[in-house]
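To keep things clear, I will list the structure first and then write my remarks on it.
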């Protein structure tokens, strides 16, 4: 059974029915205008920037893994790691989340329990261990949410242990079935990426769940604002919630290199999804049999929430495009510099890969 949407979710058939909640952009930058109008020069796309600055190798990635694969090289890999480390530390050090390292290859029960099966089965890579006498088939996870939620499956926790606030950084795998022809070039829609995820398990209380949803979105907004990345929040309508969410808000970052060509020949730019924040009520916890016992000794299925903290290399698209300079270099946002040897910008390497 799909999860019924919350009563206040706007009705709609698909993503076209989503409602913009709010936008944010740094002072002096207006996404309603073209990048050229904002900065005074035509932008390069992230594909051009990674080529010119030696940040990624798509041809060799495809040679090894097929379409939608890539190699991050040099400062591209360092920027990728810096973003992940900054976001992970933000959740642990500033907001007190418990750091976790969880399996990224799991049994089918874990995929079923978190609601990714049966509806999303075609998106998961399948390791057929049973055919080789291994006993259990295994699946590569598309998000750290699966491993984090599976930790307490079939457990009864004391109410005093709640809320659980967990975060992980993990490699994620998605087949992208049904995405043929969509975003085939570059770093937007790929089969393998890394993601910092946040999960909260709280009491079966609607008000508490909604409060956590707001806070979890706020944690993401703190990170994006500190990186000077323009973004907007979209309330997903009933037709875009998926099967397991009662409420979901997407976060989209402004990507100057996307969109059609404008009158000056450069891309007009458009928002691209980078995060999703979901309230699931007790949907996952019922399937996982994750319960807690209150002070009166009664057991309840807990409520669960999850939200992307950062996903890379997709977030490198707005990072590179927004922070590019007219000379082709890219400024490194201040919070990331400590993880990049104190550098303030990315320049073309003196020595390139052969």
So for the stretch 70-89 (the condition being at pLDDT 95 or above, over 20 Å from the mean Cα position of the chain (by Cα) and not in a helix (DSSP H, G or I)), does at least one residue qualify? yes
Identify, by number, the condition in (1) farther than 30 Å from residue 113 by Cβ; (2) touching a residue at least 40 places away in the same chain (Cβ under 8 Å) that residue 243 doesn't meet. (1)
Check 347, 334 and return the single one that is surrounded by fewer than 16 Cβ atoms within 10 Å (Cβ to Cβ) and within 21 Å of residue 221 (Cα to Cα). 334
Determine if the stretch 40-53 includes at least one residue that is under 30 Å from residue 154 (Cβ atoms), modelled with pLDDT of 95 or more, surrounded by fewer than 21 Cβ atoms within 10 Å (Cβ to Cβ) and out of contact with any helix residue (DSSP H, G or I) (no Cβ under 9 Å at 6 or more places or on another chain). no
Filter the stretch 13-31 down to residues that are assigned to a loop (DSSP other than H, G, I, E, B) and under 14 Å from residue 247 (Cβ atoms), then give me how many there are. 1
State yes or no: is residue 151 surrounded by fewer than 20 Cβ atoms within 10 Å (Cβ to Cβ), more than 26 Å from residue 317 (Cα to Cα) and in contact (Cβ under 8 Å) with a residue 40 or more places away in the chain? yes
Inter-residue pairs, beta-carbon under 7 Å, first under 18 Å from residue 212 (Cα atoms) and in the stretch 86-101, second part of a loop (DSSP other than H, G, I, E, B), 6+ apart: 91/97
If you go through the stretch 158-175 one residue at a time, do you hit one that is over 15 Å from the mean Cα position of the chain (by Cα), closer than 30 Å to residue 49 by Cα and not in a helix (DSSP H, G or I)? yes
Among the residues of the stretch 200-212, which ones are assigned to a helix (DSSP H, G or I) and over 21 Å from residue 151 (Cα atoms)? 206, 207, 208, 210, 211
Could you pull out every one of the strands (runs of 3 or more DSSP E) wholly within the stretch 250-354 that has 1 or more residues that are under 21 Å from residue 229 (Cβ atoms) and either modelled with pLDDT under 95 or within 20 Å of the chain's Cα centre (by Cα) (or both)? 270-279, 303-312
Only one of these conditions is not met by residue 222: (1) surrounded by fewer than 20 Cβ atoms within 10 Å (Cβ to Cβ); (2) out of contact with any strand residue (DSSP E or B) (no Cβ under 7 Å at 6 or more places or on another chain); (3) part of a loop (DSSP other than H, G, I, E, B); (4) in contact (Cβ under 8 Å) with a residue 24 or more places away in the chain. Which number is it? (3)
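Could you say whether any residue in the stretch 227-236 is modelled with pLDDT of 95 or more, under 23 Å from residue 121 (Cα atoms) and not in a helix (DSSP H, G or I)?
Yes, because at least one residue in the stretch 227-236 is modelled with pLDDT of 95 or more, under 23 Å from residue 121 (Cα atoms) and not in a helix (DSSP H, G or I).
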Just checking, does the stretch 95-103 include any residue being farther than 15 Å from residue 173 by Cα, surrounded by 14 or more Cβ atoms within 10 Å (Cβ to Cβ) and out of contact with any strand residue (DSSP E or B) (no Cβ under 6 Å at 6 or more places or on another chain)? yes
Residue check for residue 209: buried (at least 23 other Cβ atoms within 10 Å of the Cβ) and modelled with pLDDT of 95 or more: yes
Only one residue in 22, 60, 51 is more than 30 Å from residue 117 (Cα to Cα), touching a strand residue (DSSP E or B) at 6+ places or on another chain (Cβ under 7 Å) and without any contact (Cβ under 8 Å) to a residue 12 or more places away in the chain, so which one is that? 60
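The values are calculated or read from the model by the stated rules, or taken from the named source; none is laboratory data. This is a predicted model, so every value here is computed, not measured. Note that each Cβ is placed from the backbone with ideal geometry, even for glycine, and that neighbours are counted across all protein chains shown.
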